[in-house]
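Peer 1: Sharing a structure here in structure tokens format.
The values are calculated or read from the model by the stated rules, or taken from the named source; none is laboratory data. Predicted, not measured: the structure shown is a model, and the values here were computed from it. All Cβ positions, glycine included, derive from the backbone under ideal geometry; neighbour counts span all protein chains shown.
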Amino acid sequence: MTMSLMQQEARETAARIRCQLEQNQALCASLAQQIRDFAPAFVYIVGRGTSDHAGVFARYLIEVELGLVVAAAAPSVASLFGRKLQLNRALVLLISQSGRSEDLLAQARAARDSGALVVALVNDASSPLAQLAHHTLPLLAGPERAVAATKSYLCTLSALLMLVAQWKQDETLLAALSQLPDQLDEVCRQPGRPQFGVLQQSRHCVVLGRAFGYAIAREIALKIKEVCGIQAEAFSSAEFLHGPISLLNQPLVLLNAAIEDESAAAHQQQIDEVRRRGGEVLNLAITLQHQVHPRLQPLLLMQRFYLDVEALAQLLGLNPDAPKGLNKVTSTV
């Protein structure tokens, strides 16, 4: 069987992040110093789709590691309503693969006019977004031809980790990042999850995670919808108990995006409660030979998931590279 573009690109991730860590080191250290000098009162994150999901990861990362309040943008406020927000004390992070969507460009212009420090994390360093930002942190994911983003998402998370580690001057996290490419390669060599086959008979599923696990749960749900045409919804495992758990009154498959970090015990209690109420739970956790820093675990889980969801699409007779009705670059206003 010919390897799909989606699988090829997902398997490139380790090499791309290895290059990113080498080429962006000095740039990231300099940018981190300028952010410390700016001393932002809060962080404002702008993104759409997969980039928005990376922003959720960034929110947990910055709030947990730096104790700084993070807000998610509603891009339509600037592009459709023409409203200029008071962002003069903000660090504005704009996340994009193409750097060409008009609503993100409107946000960048408004943020600059307001006096914010504007930083673009973008794969196309020659894009209009990169030109508008005060600083650009290139993702260096390389061309991505499959419609469903894989390596660009993981390169965004690694760039965010590198930026926060430099900003915080966290030598432990920086050392852990240097091991990430080898760990990603190890995950790619692991066998797939045949239990994913249960989704062949399902038209609906729920993805549960907590904190960093919830951040990637959103991306997991999006990819199941994009490449498999299965309705999937992501919930914080804590929020799932507040109403949505009534979905268990009918047969339902749940995917468990478990991360071994400070949230693990609370998340496991909620998974146990879901099982007690009859939910069928598939675990997405991965196991490596060596201990992995908890902030890197979400990336490794996503690396394995991308390969597994591509295989599921093939089982369903679908083309994971070109889901019907979707385009690679989506421009919104």
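Peer 1: Only one residue in Gly317, Gly278 is more than 17 Å from the chain's Cα centre (by Cα), free of Cβ contacts under 8 Å to residues at least 40 places away in the same chain, within 22 Å of Ile224 (Cα to Cα) and loosely packed, with under 13 Cβ neighbours inside 10 Å. Which one?
Peer 2: After applying the criteria, what remains is Gly317.
Peer 1: Can I ask one more? Taking the options Ala15, Ala29, name whichever one is surrounded by fewer than 18 Cβ atoms within 10 Å (Cβ to Cβ), in contact with a Pro (Cβ under 8 Å, 6 or more places away or on another chain) and at pLDDT 95 or above.
Peer 2: Only one candidate passes the filter, namely Ala15.
Peer 1: Further, regarding this structure: Let me confirm something: among Phe57, Phe38, Phe42, which residue is of a type in the set (A, V, I, L, M, F, W, C) and more than 21 Å from the chain's Cα centre (by Cα)?
Peer 2: Going through Phe57, Phe38, Phe42 in turn, the sole match is Phe38.
For every residue, the table says whether it meets (1) part of a strand (DSSP E or B); (2) more than 14 Å from the chain's Cα centre (by Cα); (3) on the phi > 0 side of the Ramachandran plot.
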| position | (1), (2), (3) |
| --- | --- |
| Phe196 | no, yes, no |
| Gly213 | no, no, no |
| Lys225 | no, yes, no |
| Ala234 | yes, no, no |
| His242 | no, yes, no |
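Peer 1: Is it the case that the stretch 80-97 has a residue that's over 18 Å from Cys28 (Cβ atoms), aliphatic (A, V, I, L, M), within 19 Å of the chain's Cα centre (by Cα) and surrounded by 15 or more Cβ atoms within 10 Å (Cβ to Cβ)?
Peer 2: No: the stretch 80-97 contains no residue that is over 18 Å from Cys28 (Cβ atoms), aliphatic (A, V, I, L, M), within 19 Å of the chain's Cα centre (by Cα) and surrounded by 15 or more Cβ atoms within 10 Å (Cβ to Cβ).
Peer 1: Of everything in the stretch 255-305, what is in a loop (DSSP other than H, G, I, E, B) and at pLDDT below 90? Give them in sequence order.
Peer 2: Correct list: Arg277, Gly278, Gly279, Ala285, Ile286, Thr287, Leu288, Gln289, His290, Gln291.
Peer 1: List, please: which pairs have Cβ atoms under 6 Å, are six or more places apart or on different chains, and start with a residue in the stretch 254-274 that is outside the structural domain of Val64 (by TED's automatic domain parsing) and end with one that is polar (S, T, N, Q)?
Peer 2: Asn256/Asn283; Ile259/Gln297; His267/Ser237; Gln270/Ser237; Ile271/Asn256
Peer 1: Could you grab the pairs with beta carbons closer than 7 Å, sequence gap of 6+ or different chains, first residue in the stretch 211-225 and free of Cβ contacts under 8 Å to residues at least 60 places away in the same chain and not assigned by TED's automatic domain parsing to the domain that holds Asn283, second one buried (at least 24 other Cβ atoms within 10 Å of the Cβ) and in a helix (DSSP H, G or I)?
Peer 2: Here the result reads none, with nothing in the stretch 211-225 linked to a residue that is buried (at least 24 other Cβ atoms within 10 Å of the Cβ) and in a helix (DSSP H, G or I).
Peer 1: Quick one: count up the residues across the stretch 35-55 that are in a helix (DSSP H, G or I) and either under 16 Å from Arg112 (Cα atoms) or without any contact (Cβ under 8 Å) to a residue 24 or more places away in the chain (or both).
Peer 2: Selection size over the stretch 35-55: 3.
Peer 1: Can you run down the residue pairs with Cβ atoms below 7 Å, 6 or more apart or on separate chains, where the first is in the stretch 138-164 and at pLDDT below 95 and the partner is of a type in the set (A, V, I, L, M, F, W, C)?
Peer 2: Arg145/Leu5; Ala146/Leu5; Ala146/Met6; Val147/Ala322; Val147/Leu326; Ala148/Met6; Ala148/Val227
Peer 1: For the stretch 103-114, check the following and say yes or no: at least one residue is at pLDDT 90 or above, crowded, with 21+ Cβ neighbours inside 10 Å, in the same structural domain as Thr50 (by TED's automatic domain parsing) and not in a helix (DSSP H, G or I).
Peer 2: no
Peer 1: So, in the stretch 165-192, of the ones that are within 19 Å of Leu312 (Cβ to Cβ) and surrounded by fewer than 19 Cβ atoms within 10 Å (Cβ to Cβ), which residue ends up modelled with the highest pLDDT?
Peer 2: Checked the stretch 165-192; the qualifying residue modelled with the highest pLDDT is Cys188.
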